[in-house]
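Notes for the one structure printed next.
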Amino acid sequence: MAGNVDALFIFLLIVTGMVALLIFVCLLFFAARYRQRAHVHAEQIEGSTPLELTWSIIPLFVFLAIFAWGAVIYFKERTPPRDAAEVYVVAKQWMWKLEHAEGQREINELHIPVGRDVKLIMTSQDVIHSFYVPAFRIKQDVLPGRYTTAWFRATKPGIYHLFCAEYCGTQHSGMIGSIVVLEPAQYEAWMSGGSTGPLSVTGEKVFAELGCVTCHRSDAQGRGPNLQGVFGKPVLLQDGRTLVADENYIRESILDPGAKIVNGYKPVMPTFQGLLSEEQLNALVAYVKSLSGAKPGDGSGKANADAAAAQGSQVNE
Ligand code: CUA
């Protein structure tokens, strides 16, 4: 996205620079031309309709063009590709905890392969932080109590700065890290090192330990909805609304089960607020996702990454 964002930014800089220049040229010109010594008596000048139309309509189209251009980039940057590799991010005073869908955990460092789409699913354990990687032109607030997402595709191997861009306490300035972009082969080697197993498997264990499985059975007989295939699909609620089951919906249903009752079920589930760490919540979300078949970052993304990496190396040359 960096090239797109920069192009828009440079365009804005040129437009505002030209307007500022025009204003100063006019200011100096009129100050000299209509100085008091040459014009002792003021003349009343009536308005000019053509002039006013011109300076209203031309800026209107310039602003609309900027709006459309910005909107295109915004929607692209806000919409993660479906097969993106997923990384869960938990921010806290004052560090970044990152966990790959495959189970690797990192602190203040994120290793990713070049050319792969990466989706970040982020939440905070305490106050508001902001995940900021200037080189990738992404900055996203990370909030307690819900998920926000961001995505990027790194096109060149290297180490990039990660900052917290929201003042979050005395050591805010030390809440920094790095994004390590590796060649696919290096990444495979890195990935084969210490993992606690896929996040979804951890989630399955939590699911079993908490007894979720007694109500959310894989047949239709449970007191709670069957969770197979739920993620990413529309859900009909008791109040007649329909919504798509995303990360925030799963999260809310665990912490505030009464908020959105699925049609045909009773509000009998107890809350798990305060009983789960953010990491356990992320694992549960990853597990519910895995029940819907799609396993982001497992296989489908790899072919993509290889193709994109081939592309990326051409760019580097
Ligand atoms: Cu976290 Cu500033």
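The calculated 222 nm mean residue ellipticity attributable to helices in the chain amounts to -13000 deg cm²/dmol, summing -39500 (n - 2.57) over DSSP H runs of n ≥ 4 and dividing by all residues.
Model label points for Ala7 and Arg78, set 7 angstrom from Cα along the Cα-to-Cβ axis, are 2.1 nm apart. If you run the Gaussian network model on the chain, springs between alpha carbon atoms under 10 Å, then out of Leu120, Leu210, Leu143 the most flexible one is Leu210. Given +1 at the Cβ of Lys and Arg, -1 at the Cβ of Asp and Glu and no other charges, the dipole of the chain around its Cα centre is 420 debye to the nearest 20.
For the stretch 53-184, the solvent-accessible area of protein heavy atoms averages 48 Å² per residue (probe radius 1.4 Å; ligands and nucleic acids excluded).
Solvent-accessible area of the stretch 85-191 (1.4 angstrom probe, protein heavy atoms only): carbon and sulfur portion equals 52 percent.
For Lys76, the aspartates and glutamates whose Cα falls under 16 Å of its own Cα, not counting residues fewer than eight places away in the same chain, are Asp6, Asp117.
Run through the DSSP bridge list for the chain and note the antiparallel percent, rounded to the nearest 5. Taking every DSSP beta bridge within the chain, about 70 percent pair in antiparallel fashion.
Ordering of 25-38, 213-226 by packing is 213-226, 25-38, highest average first (other Cβ atoms within 10 Å, averaged per residue). Global dimensions of the chain from alpha-carbon coordinates: Rg and Dmax equal 26.6, 95 Å. Ranked by the mean number of other Cβ atoms within 10 Å of their residues, highest first, the peptides 40-49, 165-174 fall in the order 165-174, 40-49.
Listed here are the pairs Lys205/Lys233; Lys139/Lys260; Lys97/Lys119; Lys92/Lys289; Lys92/Lys139; which of them are more than 20 Å apart at the Cα? Checking Cα-Cα distances, Lys205/Lys233; Lys139/Lys260; Lys92/Lys289 exceed 20 Å. Fully extending the segment from Ile58 to Leu236, taken as 0.36 nm per residue of separation minus the present Cα-Cα distance, adds 59.3 nm.
The values are calculated or read from the model by the stated rules, or taken from the named source; none is laboratory data. Keep in mind that this is a model prediction, so the values were computed, not measured. With ideal geometry, Cβ positions are generated from the backbone for all residues, glycine too; neighbour counts draw on all protein chains shown. Note: accessible area is taken over every heavy atom of the protein model, side chains too, but ligands, DNA and RNA are not part of it. Shrake-Rupley method; radii C 1.70, N 1.55, O 1.52, S 1.80 Å.
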